[in-house]
1. Mind pulling the angle between the C-alpha long axis of helix 118-131 and the longest principal axis of the chain? Nearest 10 degrees, somewhere in 0 to 90.
2. Among 113, 59, 19, what is the fewest-to-most ranking by other Cβ atoms within 10 Å?
3. Relative contact order (percent) for the chain, with alpha-carbon contacts under 8 angstrom and 6 or more residues of separation?
4. So, in nm, how far is label residue 29 from label residue 123 when the simple model puts each one 7 Å beyond its Cα toward the Cβ?
5. Taking only Cα atoms, what is the 0 to 90° angle, nearest 10, from helix 4-13's long axis to the longest principal axis of the chain?
6. Given an 8 Å cut-off on Cα distances and at least 6 residues of separation, report the relative contact order of segment 1-86 as a percent.
7. With a point put 7 Å past each Cα toward its Cβ, work out how far residue 46 is from residue 167 in nm, to one decimal.
8. When the helices in the chain are scored as -39500 (n - 2.57) per DSSP H run of 4 or longer and the sum is shared across all residues, what 222 nm value do you end up with, to the nearest 500 deg cm²/dmol?
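Nothing in this text is a laboratory measurement; each read-out follows from the coordinates by a stated rule. If you're wondering where the values come from, they're calculated on a predicted model, not measured in any experiment. For neighbour counting, all protein chains shown are included, and Cβ atoms are generated from backbone atoms with ideal geometry for every residue, glycine included.
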C-alpha cells in the first residue's frame with residue numbers, strides 16, 4: 001500500500017502542489033521524516049515561497065544530517081536566486097554526504113562559471129563530464145569556461161561535442177563559430 005508520502009509525490013509530479021501538501025501532512029510523523037520535509041520544501045518552492053522552502057529543506061537536513069537531497073535542493077534554491085556562494089556551500093554539503101554525483105559537480109561548475117571563477121568551473125564541469133560525458137549543458141558550460149579563459153582550442157572541442165549531441169543547439173552553434181573565428185585569426 002502506498003504511503004501518504006508516495007501519494008503526495010505523485011500529486012507533486014502531476015503539478016497538484018496544494019493537494020500534495022495536504023496529503024503529505026497526513027503521514028504519521030511527517031515532521032520528523034527528512035523525505036517528507038524535503039518534499040514539503042519542494043512544494044513550497046513550486047508555490048513560489050522561497051522562505052518556507054528553505055525552512056523545510058533545512059529541517060530535512062537537521063532531521064538527518066547526511067540527507068544529501070536537502071542540501072542539493074538548498075543549493076538549487078540559492079542558485080535560482082543568484083546567491084551563488086550560498087548555493088556552493090550547500091552543493092559542497094551534498095557532495096560530502098553523497099560522494100561523487102554528476103548533478104552536484106555540474107551545479108558547482110555552473111555556479112563558479114556564473115561567478116567568473118573559471119578554473120574552479122572547469123574543474124567541476126570536467127568532473128561532471130567524467131560521470132556523464134553526453135550531458136549537453138555540461139559540454140556547453142565547459143566550452144564557455146574555456147572560452148572565458150581564452151583557451152579557444154579546448155572551447156572549440158567542447159562546443160563541437162555539444163553540436164554532436166544536438167546539431168540544432170543555437171548556443172553551441174554560436175560558440176563553435178566564435179571559437180573558429182578566434183582560432184583562424
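1. 70 degrees
2. Ascending Cβ contact count within 10 Å gives the list 19, 59, 113.
3. Over the chain, the number comes to 10 percent.
4. Placing both labels 7 Å along Cα→Cβ, they lie 4.1 nm apart.
5. The helix 4-13 is inclined about 40 degrees to the chain.
6. On the way: 95 pairs, mean separation 17.5, N = 86.
For segment 1-86, the relative contact order is 20 percent.
7. Those two pseudo-labels are separated by 3.7 nm.
8. -24500 deg cm²/dmol
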